[in-house]
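Comments concern the structure below.
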Amino acid sequence: MDVLIIGGGGREHALAWKSAQSPEVGKVYVAPGNAGTALEDRVKNVPLAPSDTEGLVEFARTRAVALTIVGPEAPLVAGITDAFEKVGLRCFGPSAQAAMLEGSKNFSKAFMRRHGIPTADYESFTELDAALDYLETRNFPIVVKADGLAAGKGVTVARTRAEAAGALTGMMSGGKFGAAGQRVVIEDFIDGEETSFIVISDGERAIPLASSQDHKARDDGDAGPNTGGMGAYSPSSIMDDTLHDRIMRRVIEPAIAGMREEGAPYRGFLYAGLMVDADGNPEVLEFNCRLGDPETQPILMRLKGDLPAMCDMALSQRLRTDAVSWDPRPAVGVVMASSGYPEGTTRDRAINGLERVDGTVKVFHAGTRQEGDEVLTNGGRVLCVTALGDSVTRARDEAYRAVAAVDCDALFYRTDIAYRALAREATAVAGQ
Ligand code: GLY
């Protein structure tokens, strides 16, 4: 069967790479893809934007694509799955109604409240004055979120009332984020350690993928502005059986059951961004209606199952736990981003040395494009250099060895990816 992957980032490169390994798969199309997907065997880029629903439906129909997997949230929230299904095409990802778990923070928070899923207290507002009045009653820091999709930039953790008021004003009367910021959610700040927990669901059952943690801040030590993620590793270093069970019981199972009860069965990847407190209790920071980026890259490096087969089973509502198994070795992914990211970006700078990367390392491309034989930067996050290792330390060392082999004067990266996992590993080794 032929498969279509929608999107052009590192997550989609990993999805395409993994799909192409399936013995059941003929061709893998990626719309629009990047230089990395263009260079993969059996993978072909298609110059269609993820927002071009009509064009993508037409492409899948005329090429008899058997399975489409949607990477980013925007087309899902816009209803791409519904559009494919309407003409009888198989498309893996939640319906527009189910994707509201990410598409509207207000919907998501109200849903969690209705179903007893642990999350911080909140209120939502469409009037700036009422939102500013609410701040008078709260403690700081506090979190201000644009209700709609804002390309990962719609969340402000405000340390002071003035900062929160500035964020609210920018969103609600300054037009920052457009319609997405006309409604805001203000929620209490919760402290702890962040972790990502992603499942694949067929609407009834949910099977957890390998756990992961990402680094959202731009700079070493988790400093600097928030980004889409500067690196990730799998498994998450705080995950143990107790926490895993708590997340499944308190978060994932009620979410899947709740969506089904509300008439919007959740079929797709569901990503819970969690804060775990000192007693190991998880609270949901956000739900995303898709796989994480860059979490997907280390997770798929560890996946032993057949990815298109898993998605196909979930679409047919016959997901089985034995469809998924994992390489026990940890994986670490280091993002190399364009100078200026996330505020601005540089483009069109040559990337050399990629052919020097080998062994257990895979370089997933994101913001790259091909020009002749050259690979050029194309802005934002550019590469995610991902390695497997017998330990977190080995995986980290391999990833950074490969990062050093990449030659481009317009890229930067964090030097401390997986530092928490490394510290825990060092403590465990010392205790042996
Ligand atoms: N890495 C965070 C996200 O994908 O939302």
Exercise. Looking at Ala366, Ala278, Ala350, which is the one that is surrounded by 21 or more Cβ atoms within 10 Å (Cβ to Cβ) and at pLDDT 95 or above?
Worked result: Ala366
For this session: From Glu253, Glu262, grab the single residue that is away from the ligand (no atom under 16 Å from the Cβ) and touching a strand residue (DSSP E or B) at 6+ places or on another chain (Cβ under 9 Å).
Result: Glu253
Exercise. Does segment 307-320 contain at least one residue that is in contact (Cβ under 8 Å) with a residue 60 or more places away in the chain and within 16 Å of the ligand (Cβ to nearest atom)?
Worked result: no
Exercise. How do the pairs read when you match residues in segment 416-432 that are on the phi > 0 side of the Ramachandran plot with residues anywhere that are among the aromatic types (Phe, Trp, Tyr), using Cβ under 8 Å and keeping only pairs 6 or more apart or on different chains?
Worked result: Ala418/Tyr233
Problem set entry | Positions within segment 389-415 being farther than 13 Å from Thr360 by Cβ and either small (Gly, Ala, Ser) or free of Cβ contacts under 8 Å to residues at least 60 places away in the same chain (or both), in sequence order | Thr393, Ala404, Ala405, Asp407, Ala410
For this session: With the condition kept exactly as written, say whether any residue in segment 173-193 is part of a strand (DSSP E or B) and within 16 Å of the ligand (Cβ to nearest atom).
Result: yes
For this session: Can you work out which of the residues in segment 49-65 that are of a type in the set (Gly, Ala, Ser) and outside any helix (DSSP H, G or I) is farthest from Met1 (Cα to Cα)?
Result: Ser51
Exercise. What are the residue pairs meeting all of these: first residue in segment 273-288, first residue farther than 11 Å from Val251 by Cα and touching a residue at least 40 places away in the same chain (Cβ under 8 Å), second residue more than 16 Å from the ligand (Cβ to nearest atom) and among the acidic types (Asp, Glu), Cβ atoms under 7 Å, and 6 or more apart or on different chains?
Worked result: Met275/Glu283
Seminar exercise, completed: Checking Val385, Val375, Val403 in turn, the sole residue that is part of a helix (DSSP H, G or I) and either at pLDDT below 95 or in contact with a strand residue (DSSP E or B) (Cβ under 9 Å, 6 or more places away or on another chain) (or both) turns out to be Val403
Exercise. Glu193 is checked against (1) among the charged types (D, E, K, R); (2) touching a Lys or Arg at 6+ places or on another chain (Cβ under 8 Å); (3) free of Cβ contacts under 8 Å to residues at least 40 places away in the same chain and fails just one. What number does that condition carry?
Worked result: (3)
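The values are calculated or read from the model by the stated rules, or taken from the named source; none is laboratory data. These numbers were taken from a predicted model, which means no experiment stands behind them. For neighbour counting, all protein chains shown are included, and Cβ atoms are generated from backbone atoms with ideal geometry for every residue, glycine included.
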